[in-house]
Amino acid sequence: IAMCGEDYVGGGPLPRIGNASRWGADQGVFPCTGTDNWIAIRLTGDADQQAFRAAMGIDFADRKALAALTSGNEKRELAYRLQAAGIEAFPVLNCDELPGDPHLRARDFFIDVEFGAGRVARFPGSPLRPLADPSGPSPNFDDHTAALLEEISRL
């Protein structure tokens, strides 16, 4: 339901709109300098468009013009500049960039889990909190079978 709740709440399937937004004036992923570098931007109305114009120092008329404006900028620098102007913007990060991202690091997004013989695996975090502490070593095979079977037998 979290992924398609609008269909259920609204009483039927909504028309497909691709990357467009039912609420935003203009949004999408736009090219930046370098190979395969992108920025995600959402302008939700006139105020965002005015803030974007002021932050970029230029006007734009459509999505093609917006893409032309972003293509001459480094994605992180542009994202920070737009965020400072109150615009929803974030650099699109590849797998190598994610662990070093200051935003994710400040929120302890990645979790290092020891799993025996001094080996550590790095996992992405979640806004959901686990019932058990994920920072300790994982259990060995069959460590909890007896306790679980006993608990199940009482149900």
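The values are calculated or read from the model by the stated rules, or taken from the named source; none is laboratory data. Quantities reported herein were computed from a predicted structural model and do not represent experimental measurements. No Cβ is skipped: glycine too gets one built from the backbone with ideal geometry, and neighbour counts run over all protein chains shown. Areas reflect the complete protein model, heavy atoms only, side chains present, ligands, DNA and RNA absent. Shrake-Rupley method; radii C 1.70, N 1.55, O 1.52, S 1.80 Å.
The table for this structure:
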read-out	value
Residue satisfying all of: in the stretch 36-60; open to solvent by 60 Å² or more (accessible area, probe 1.4 Å) and aliphatic (A, V, I, L, M); nearest to the chain's Cα centre (by Cα) among these	A47
Residues of the stretch 104-125 classified as surrounded by 12 or more Cβ atoms within 10 Å (Cβ to Cβ) and at pLDDT 80 or above, total	7
Some residue of the stretch 41-51 being at pLDDT 85 or above and closer than 30 Å to R122 by Cα	yes
Count of residues meeting criterion [within 19 Å of F115 (Cβ to Cβ), open to solvent by 100 Å² or more (accessible area, probe 1.4 Å) and modelled with pLDDT under 65] in the stretch 126-155	1
